[in-house]
1. Considering only C-alpha atoms, what is the centroid distance from the range C:105-133 to the range D:373-408, in Å?
2. Mind jotting down the distance between the C-alpha centroids of the range D:426-479 and the range B:19-87, whole Å?
3. Can you sort A:Glu115, C:Glu159, A:Glu131 from fewest to most other Cβ atoms within 10 Å of each residue's own Cβ?
4. Provide the per-residue ³J(HN,Hα) series for the range C:132-144, in order, calculated from phi with Karplus coefficients 6.51, -1.76, 1.60 and θ = phi - 60°, each as a whole number of Hz, with x at glycine and proline positions.
5. Can you give the net charge of the other residues whose Cβ lies under 13 Å from the Cβ of C:Gly46, counting K and R as +1 and D and E as -1?
6. In degrees from 0 to 90, rounded to the nearest 10, what is the angle of the helix D:283-304 Cα long axis to the longest principal axis of chain D?
7. At a Förster radius of 25 Å, what calculated FRET efficiency corresponds to the Cβ-Cβ distance of D:Asp591 and A:Asp126, to the nearest 0.05?
8. In nm, to one decimal, how far is the B:Val454 label point from the D:Leu519 one, both placed 7 Å along Cα→Cβ?
Amino acid sequence: MSMEFLDGNTILYSAAFGLMLIGIGGIVISNHLMRIIFGIALLEAGANLLLLLSTYHEGASAPIIVDGIIPAMMADPVPQALVLTAIVIGVGILALALSLAIRVQRAYGTLDMREVRLRLEQEICDEAGIEMPSSSEKPAEVIKTPVNSVVQQESGS
Amino acid sequence: MNLLVLMIALPLLAAFLLSIIDRASSFAARVIGPLVLLATAAIGLSVWSQLGDAPQAVQWGGFQAPLGITLYADQFGLLFALAMTIGTLLLWPRSTGNQLRSSSLALLLAGTGSGLALSGDLFNIYVFYELMTVVSYGLIASRGTSGSFASTLRYLVISGFGAALALAGIALVYQATGTLNLAQLAQVAPEKLNNLQGFAAFVLMLVGFGVKAELFPVNMWVPEVYATASSRVSALLAGVVSKLALLIIMRLLILVFHQPEALTVLLVLGILGVATGELAAWRARDLNRMLAFSSIGQLGVMFIALSIPGNAGIFAALAVAVHHLFLKPAMFLLAARWGGSIRRLCGAAKTSPVAAGLFVLLSLSLIGVPPLPGFWAKLLVIMPLLTLDQPLYYFAVFIILAAASLEANYLFRVVMKLYDKQPTAVPHKAHATADLATAVFLGGGLIAAVFMLVPLADRLDSIAAQATDVSTYIQTVAPQSLEGDVQ
Amino acid sequence: MRRFTAALFLIGLGVMIAAIYQHMDFSNTALNAGQAINSVAAQETGAANFVTSVVLAYRGIDTLLELTILFTAAMIGGMVLGKRRVDAPRDPDAGFILRTGADLLFPLLLVVGLYIILHGHLTPGGGFQGGVILASAFFLPLLARPGSSINQDVISIVEGLAGATFILIGLLAMSEGYEFLSPLFDKGELGALISAGSLPVLYLAVGIKVGSELAGLLAHLAEAEAVD
Amino acid sequence: MTALDNLLLISAVTLVIAVLAGNSRVGGWLVTIMYALQGAALMMMSGLGYSTLTMVQSSFSIEVLSQQLLWRFDALSWFFALITIGAGLFCSWFASGEWGEKYRDNGGSLRLFHGALALNVFSMLVLLASGDLLTLFIGWELVSWASFLIMALAGGKAFGYAMRYISYAFAGAMALLGGLLLIYAEVGSFDFQSLKEAVPTMSSATLWLLVVLLTAGFGVKMAILPFHLWQAKAYAETPGPGAAFLGAISSRMGLFAFIVVIVQLIGISRLVEMKIPFTFLDAQDLLAWIAVFTIIIPTYIALRQHDARRLLAWHGVGQTGYMLLGIVIANDLGSAGGLMHVFNYATYQAMLFMVVIAVIHRTGTSNLNKLGGLFTRMPLSYLAMLVGIIGLAGLPPMNGFVSKWLIYRSLIVDGSPLLFLGAVIGTLGTILSVYKLIHNIFLGQLRVEHVAVREAPLSMVIPMMLLAAVVFVTGYFPGLVLDWTSAVQASIGIPVLAHHLGGIDMKGGLDMIWIVSVLLVGFGFGTLVFFLGGRSKRVHQLDNYAGGHFLTAETRYHYSDNFYPGLMHLIGPWYRNSFEWLERGLISAVDTLSTAMQGLYRNAHPSYLLLAVVVFALSWVIV
């Protein structure tokens, strides 16, 4: 592998894509809703970094008028503004997700995705007055032994 | 200066001030929301009447495109903006505990929806979309049951995942082109986005924006959300909001992404959506989820229509979308009192004959019985599909027709229950007057459409033609070239 | 099983991304809207910080919308978490050092926050960054004394008014015959504190709104009853 | 305003009157008069039936999606419209008297009944008037849903059968729509003429697909095999004269559309060119064999029924096979026979249903095991049924004989002995089961509970008698009907059958005037001998003995249960319900798939699927 392959761009992009992949991994692989929410936050961070990198070039100065800096030397201010916006959006949604998670935990006593799904199905069926269809995914076990009980203790306040 | 921005700004302003107004007078707080929406609808209609064949472009803040953000008003976008405003007005949420917050959310939804329909900037679309998503979380959760919180959270997970991917897609587009303005993207896309990177950006944005458009497989939230949200909110989400997400995908397809592979992806996902949705609806035992699954199927038909290259596809998708726009909200409104097990519906037609008759009419139109509008919409989808003469398109036709047979079966099972002569033990509740009146209004629209078929089809055709007119889009926005500034 | 295949998919995605990265073209990074903005922003907005110009002027509507998202999220957060029961148990107050530190930091944070907001058009920083500092100024006492609470009514009035100010400034531009959210007032001398027309006013509104929104959200979360 | 406009307008007005005045005492009669008016309007176009007019256009036409929608009548439409309006007239007449009062007293809505009937007639006329493939489909759907409405009126069990019908019908309609749109994709127009011109250039594969889709679509309505399961039960549960109407004409709409599209536009000669690979069969043979099995299987199912309405309705399915067979053979004899059978069958099927409904009206049951001996109480009804079953069985002197004779004859001329054999087996089954029908209702011992039964009221008897007269007269003078079928043959482009008032001219031809006259002379002679020659003593039915014991009214010597035990012993094992099994299999397949999809939506991890889709889409383009 030649050294020019590992230039600055590659390293930065690897970081962005890497963050995204870790985030996706967290969302897809874990069952605990807190982990999934953090996975989304990581994924967003990666996407933000990708956005910042989109017009990155080495050695550019901040897009602020200071003596001796002409506009052509400045970095592109648009991605910075976009990322600012995206971060704030992310914060809002994260806060919302946490509030919902608190309520779900309070109602169902768990944040395990599979168990929440079952309890939700149960609630819908009860309200509609129909029988709960049998689940193909061994519901009894899931209900009895919460898989992520350790995580619950960690994240539960 | 253009009054169009007021369609977006006024509802937002009213939403901000609503809680302050409420302190002064709770009556004013109740009426101000609908009044503002009436005013914005009037603005939209006046713009529509003067629009004609020439779309308008407004620059937020007066900055030249592509530096500033463009607001692009053609009949296509304005139609959906109006649908959003009027739809919210008709389906104004009635929440027992959270009326003030629900009203704010409804105002925000109307404003954002209009903005989303009219926006001409990729990142701006993303922000509008995210705002609309957050507002719909609020509307779903406003029912206040633990089920609604849980389904919102599960919806939030998939939606957040998708939105982050869409953001990454936008980053890829900006990296390749250096612009976010749709008109300028339309100019440079054939050169710079007709490659792997462009396709990746399309896929990421498709799954991101597809979440709201009930695209398979990011539609797993649909049944649980529609079963736990209040009927009016379900009606809004299924009827109007999903169409706006569809509109974004249409815009992107028309202006930015021209890869043939993109169409195939849409086709395959559309077919899967129709097949899974309609099959799942067949066994649904409560009306809400039956309607939710059937809505997935209908949106799948729209995606199949979108996969038809050229004007015909947009026309067909538009026709199906407008039909669904009238139909699904009405059905969900009827489901407000008929929610729950279908078995409970025995003999409900005796208590509410109008609602039952309306349900029959809506069902007939949904499955596409001539001469109701649903039939013509379906015809518009299938006719171009068959002329494409490819096995996958033939298969899509087969799936659409088979799905219609399933639909006829499960919807008329419900109708049979409604007219069953043996009443159930639990007495049926009559529909709320407002719900029924709105549903009758929408159903009346369907019947009126039968008699105005020809002008309606011409109008939709011209809207589709205007929407697909890329060169007019570019000329109207007239973004300055980026090349000149650098040298 | 799902985890295993998911991991496989992840590896696949990584490979795909690598393939896409190989095909990406980095030659024309200078050809973008941002560079065009750099060359005209000083004349058009009068702000020395071009990021501020983009945030408040060129993409002002985005900023309005993100404020709305925060507003909405805070509102929904309040709706979801609901009112605290009166008899719900509370954490005890923090120790002496934290309490005193919080009292001392409060005015300092307030000043720093306002400074960053007001200089947003000149130096890095601005309404968002300053607003967060303001929020932390109000949130810190809450951490030190969990028994106290922020007056949510005041917050809702402040956030509503701040958001409305943003829109009203935009509408003011319309009444003057410009487009919505066009920069108003005299642009002044580039780099001076009082310059860039209406942008500092907008940033002040943004700062106050972000501050109140975040403080409200954090307070809601902190107020949420602990799970048994 | 053309004559067709008048007809459709009067039909629409009939519908309005039925809905507005259906519940009033005179409503039924008003509607009946309106049907008569429709008949008069149809007669204004009678030139169509005698080849003096070729086409009557409607002045109403709209353009939708750049398609010109046209409506018009030709000889074929006129012929079917004649039967439709006739059936509507007689059934409405039948329903207007005591039957209607009783129906209303039992809680039925006459407004709905008359409205549904008028809607059926109107929608059928619209279908018959269709001038292009799109209007054909629109009319098709209208007819389907109108029949659904009248089938579902009874509620309860009828809901289930109507549901089954609409599931079949809508799936069929979708196949039809697929076929029609395929034509559009190939031809670029919904026009009849363009299709006809494009057929010679179509590839064999396309034509096969078309024929399969269209035949499936039309076949569901005709209830040909394997789509026959829905019809009998749904028709049987339709209230009263509604069943007579549906039985007489409703499923003939499928045949009409089949004739228009397959016979007239695609052409039987084109079907003959479509060989089935690895066999010596072609598409025409395939259709003919489907028709033959449609004759045999439902007819023998009918033999097993013990409800009179079900028995008749199953025959309705079987008789469709004869019509289809004749038309698929498509020579001058066969098509004339098939078309004439449509008319003949409508006349006696309506009449037989009316008799059965009259019996239900008087006795309250149509269970063949709980009736018997009604001949002495309802002699006129008996006479009507006798005429009807002779017609249904295809024996002289009734009109059914002529049409069946023509079909048999065409099979022999065509050189298809196996098809002929199949048709004869079907006729054997028909004779056996219609004998069961008349025997178990009218002959044998009168049951105690039916001693007080009277003849059906005049409002029922008069329509029955009129129909009986039609059955006999058109049997005596088949030329009356053959005139019309010849006009139809001419208009759909099939060789015209040379005929005269009494039958057809050819070597080994048929002259019904002669045959019937001989029969009548023979009967007259026999009657003379009976009254003049032998001395007979009239005894009471119960003045009888068996095994040395006198019989009383309580003693059952007339058994109707387990009819034809010997025959059933022979053919019983053949009844395997294979089609029911197939249907259930299909339903459970859909059910399983549906459960799986619900499981997918309930259990799937959406993010995981999202990731999978992204990876697949990217890898598809990259690799």
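Every read-out reported here was derived from the displayed coordinates using simple, explicitly stated rules and does not represent laboratory data. Computed from a predicted model, the values in this text were never measured in an experiment. Methodologically, a virtual Cβ is constructed for each residue, glycine included, from the backbone with ideal geometry; neighbour enumeration extends over all protein chains shown.
1. Result: 102 Å between the Cα centres.
2. 74 Å
3. Details: A:Glu115 20, C:Glu159 27, A:Glu131 10.
With the fewest neighbours first, A:Glu115, C:Glu159, A:Glu131 line up as A:Glu131, A:Glu115, C:Glu159.
4. 5, 5, 4, 4, 5, 4, 7, 7, 4, x, 5, 5, 6
5. Details: positive: C:Lys187; negative: C:Glu44, C:Asp186, C:Glu189.
Result for the neighbourhood of C:Gly46: -2.
6. Compared with the principal axis, the helix lies near 40 degrees.
7. On the way: r = 24 Å, r/R0 = 0.96.
Step by step, r from the Cβ atoms, then E = 0.55.
8. The modelled label-to-label distance comes out at 5.5 nm.
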